[in-house]
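Structure first, commentary second.
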Amino acid sequence: MAKITDPWGHRLNHVELVYRPGERELAKKIFEALGFLVTDTGGPYINIDVDPSSPAGYNNVIYASEVTPQQWAFEQQLQQSIASGGEIASSFETFQENMREAPYLSTHFGIRLSQEEMEATVARVDALNALELEGRVSISAQFGPGSLTPTLQQVWVKTDVFAAGLITVGQHIELQADTKL
């Protein structure tokens, strides 16, 4: 009897992200800047193929849909609490600073690229940040070869347009390239 995983075995199937109300187009621009193939059929979610040269259908994909009204109501209350100052604002700023200093300790997902693809992706993200989404998407950290392995370069992209969790917290995407390949 065939298993649902045959012939592929265990694979990451998908990641589901949510974006802020009305920011579907911004989310698509960021995914495209990251080098993904974005397909929007107008349904409830955007389909994002991680490898544009080899669309996988239902595997190796990201889905993104508008945040639910319930989550957005909660996030708006959270944002108001943070904006009002006090302990929650201080705690949030400390948390955000930790995310900037050690993004690998935050909720994130990683994408493996060639060195050339990484350089092109960084340039696209920088351009998008400078021209359109100032502060909404940026390169938040870079770790050169030797930080994790002798040849692995890591670049961290941070956005508050979408997240796999609370949008208020933001989302890190780790880009990895092996400098020896």
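Couple of notes before you dig in:
- Annotation note: Cβ proximity below 6 Å between a residue of segment 38-63 that is free of Cβ contacts under 8 Å to residues at least 12 places away in the same chain and a residue that is among the charged types (D, E, K, R) (sequence gap 6+ or interchain) occurs for Val38/Lys28; Val38/Glu32.
- Residue selection: Leu17 satisfies the criterion of being closer than 22 Å to Arg112 by Cβ and modelled with pLDDT of 95 or more.
- Filtered residues of segment 137-154 (kept if over 12 Å from the mean Cα position of the chain (by Cα) and among the hydrophobic types (A, V, I, L, M, F, W, C)): Ala141, Phe143, Leu148, Leu152
- Residue match in segment 69-85 (condition: part of a strand (DSSP E or B), surrounded by 14 or more Cβ atoms within 10 Å (Cβ to Cβ), assigned by TED's automatic domain parsing to the domain that holds Thr168 and at negative phi): no
The values are calculated or read from the model by the stated rules, or taken from the named source; none is laboratory data. All values reported here derive from a predicted model rather than from experimental measurement. Backbone-built Cβ (ideal geometry, glycine too); neighbour counts: all protein chains shown.
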